[in-house]
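> Before I ask anything, here is the structure I am working with.
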């Protein structure tokens, strides 16, 4: 029963996001066509004569009543039609799906790394609570996670990319490269992935570290840890088998939620590294006032995040039977 | 009340991280308040462009000849003002609605549905899209940050009120014939104040990050120079990555943002440690 209400509320959410996307350009001041022809911020606005205007309005269906426009818009989305990008001169859906591939790769890689690191550091920290190691780790992690990701990315580009010149500083592949083996292609993609992924990891590790540390501190206070100690088990064994395993439960449910959160973060990281994901597309769309692309990228990012939240919501109760739905 | 405050400050003073955070924050607040006295120039005044640091311009000048040090000092005004204004207003809205929804069940149900909806929407992409459509101005940004900021506080305050509502002392006061709003103001509000403060710090940290991020993407107010704006112009400058100028243009601006966030992180962590009995028992840092 509870699950059904959850699903319904997610459906309502998606519909409201779609409607928001539809109404936003229509309630904003100005001519709806100005968003299609480049908007007021373009250096050279395209001037339309009356005839052309009417033709364009008819072409985009903007002369029809609002509910018909809305219906056509929803139908278009169901068919995967997100409009036409002015800047790239290509269908928005094609561009956005192409970008999504890279964003998911980036977020996937970063999630894998920062989960393992955050969990390990959090566990070590909690296990040595108040000790030198805990104090050191806590200060260190809180400090590095205070760097805004775009600033950190710029520092990486200058310090590691330009000065060491091992790391490529922009893009996801070497342009015009021809690979003899698929392995070479993968290596090239990996080298391009490294700096952006590292930036994301550092920007996001603080949350997961603190969460693991708290969760572990919770577990350490439990009776079964005391029992294990009384049985004379080694500290290392208790930490790995008893404490970490139980402390991990609440963390695992956070993976999907945090991954969704991280997708927002890729907007900055992809912008700095010119990584061709959806985040970068959003930035390009803002810079070139390409409104159809802006809306398409926004829609995809939002849908991915909502899906991640949904997965987190659904697995939440599954993993830990002690967690009951309210 | 005063005694509580002194005891609180004494406890807080034991936290090294908390003191460091507070120190950094005081530094930035002082530079924001006394900006006209400290800054060597008007940040909009133009000199010779792209000057390296020298005795006239300690951090050099940018591509249109504005003194970078003055830009950063005045920038602390814009960044801190937005952060604290937003977090205080969101705290007020969030606390009032959180109190109401925790105490009155029926009202609470409706408020919480609205809160749920707001929390489910990914706020950063949404703010970016709205900002791209609207004219960029400080007040538009502030408005959006508040609209998407209060639900977090409301949610947290509500769950605390739910647990406080049925405590014996509240029941006893109700038996004595106290009115609902008296109970809320006199017995429940004081108990959630620590939570509100922690939430305020967390929100301020978020806003600093979001504002500088939006400005960095070019969605900030071009007439108000925040640190994010300075970083934006630096990033847009073609040879920023391959010449020396990043050292006095990009780096100081980024460090200002980083240290502000760092100070809020430290303050927030120490406060949380103080009010969370579990963390408090095991760590004192």
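> Under 18 Å from a label point 7 Å along Cα→Cβ of residue B:116: give me every residue in the range B:159-185 with its amide N that close.
Inside the label zone: B:159-160, B:162.
> Ranking A:223, A:284 by Cβ neighbours within 10 Å, fewest first, what do you get?
Working: A:223 7, A:284 21.
Neighbour counts put them in this order, fewest first: A:223, A:284.
> Here is a further query. What is the distance, in nm, between label points placed 7 Å from the Cα along the Cα-to-Cβ direction at residue A:185 and at residue A:87?
Calculated label separation equals 2.7 nm.
> Sort B:256, B:37 so that the residue with the fewest other Cβ atoms within 10 Å of its own Cβ comes first and the one with the most comes last. Please report the intermediate quantities before stating the final value.
Details: B:256 25, B:37 8.
Result, fewest neighbours first: B:37, B:256.
> Let a ≥ b ≥ c be the square roots of the eigenvalues of the Cα gyration tensor of chain B; is it rounded (a/c under 1.5), or, if not, prolate (a/b larger than b/c) or oblate?
Verdict is prolate for chain B.
> Mind telling me which of A:176, A:147, A:261 comes out most flexible in a GNM of chain A, alpha-carbon contacts under 10 Å?
Between A:176, A:147, A:261, it is A:176 that shows the largest mean-square fluctuation.
> If you don't mind, there's one more thing I want to ask. For the range B:101-169, rounded, prolate or oblate, judged on the Cα gyration tensor with a ≥ b ≥ c (square roots of eigenvalues), a/c < 1.5 rounded, else prolate if a/b > b/c? Show your work: numbers first, answer last.
Values: a/c = 3.63, a/b = 2.81, b/c = 1.29.
It is prolate, given that a/c is not under 1.5 and a/b is the larger ratio.
> On the principal axes of its Cα set, how long, how wide and how thick is the protein assembly as shown? Give whole Å, largest value first.
79, 64, 60
> Against the longest alpha carbon principal axis of chain B, how many degrees, from 0 to 90 and to the nearest 10, is the axis of helix B:189-216 turned?
So the helix axis and the longest Cα principal axis differ by about 30 degrees.
> Using a 10 Å cut-off on Cβ to Cβ distances, tally the other chain neighbours for every residue of A:149-156 and report the average as a whole number.
The mean count of partner-chain Cβ atoms within 10 Å per residue comes to 6.
> What 222 nm value per residue comes from the helices of chain A, counting each DSSP H run with n ≥ 4 as -39,500 (n - 2.57) and dividing by all residues, nearest 500 deg cm²/dmol?
-23500 deg cm²/dmol
> A follow-up question, please. What angle, in degrees between 0 and 90 and rounded to the nearest 10, separates the Cα long axis of helix A:132-144 from the longest principal axis of the Cα atoms of chain A?
10
> Express in nm, to one decimal, how much length is gained between residue A:240 and residue A:274 on full extension, taking 0.36 nm for each residue of separation and deducting their alpha carbon distance. Could the numbers behind the result be given before it?
Details: separation 34, 0.36 × 34 = 12.24 nm, distance 4.07 nm.
Residue separation times 0.36 nm, minus the Cα-Cα distance, leaves 8.2 nm.
> Take A:240, A:192, A:79 and order them by how many other Cβ atoms sit within 10 Å, fewest up front.
A:79, A:240, A:192
> Stretched out fully, how many nm does the piece from residue A:222 to residue A:59 gain, at 0.36 nm a residue minus the Cα gap? List each step's numbers first, then the result.
Details: separation 163, 0.36 × 163 = 58.68 nm, distance 6.75 nm.
Extra length from residue A:222 to residue A:59 when fully extended: 51.9 nm.
> For residue A:15 and residue B:104, FRET efficiency with R0 = 30 Å and r from the beta-carbon atoms, rounded to 0.05? Mind dumping the intermediate values first?
Numbers: r = 30 Å, r/R0 = 0.99.
That pair, residue B:104 with residue A:15, gives E of 0.50.
> Quick one: angle between helix A:182-220 and the longest Cα principal axis of chain A, in degrees between 0 and 90, rounded to 10, please.
Helix A:182-220 and the main axis of chain A meet at about 50 degrees.
> Which distance in nm do the two modelled labels at residue B:96 and residue A:74 give, with both placed 7 Å along the Cα-to-Cβ direction?
3.6
> At a threshold of 8 angstrom on Cα-Cα distance, excluding pairs fewer than six apart, so keeping six or more, what relative contact order does chain A reach in percent?
It comes to 25 percent, rounded to a whole number.
> Can I ask one more? In whole angstrom, how far apart do the alpha carbon centroids of the range A:192-222 and the range B:64-136 sit?
With the range A:192-222 and the range B:64-136 each reduced to a Cα centre, they are spaced 25 Å.
> Using r as the Cβ-Cβ distance of residue A:178 and residue A:101, and R0 as 22 Å, what FRET efficiency do you calculate, to the nearest 0.05?
That pair, residue A:178 with residue A:101, gives E of 0.60.
> Quick check: pseudo-label points 7 Å beyond the Cα along Cα→Cβ at residue B:19 and residue B:44, how many nm apart are they?
Label-label distance for residue B:19 and residue B:44, simple model: 4.3 nm.
> Follow-up. Want the number for residue B:247 to residue B:139: 0.36 nm per residue separation, take away the alpha-carbon distance, what's left?
Values: separation 108, 0.36 × 108 = 38.88 nm, distance 3.17 nm.
Answer, rounded to one decimal: 35.7 nm.
Each value in this text was obtained by applying a stated rule to the coordinates, not by laboratory testing. Bear in mind the structure is a predicted one, so any value in this text is a computation, not a measurement. Heads up, the Cβs are rebuilt from the backbone with ideal geometry, glycines too, and the neighbour counts pull from every protein chain shown.
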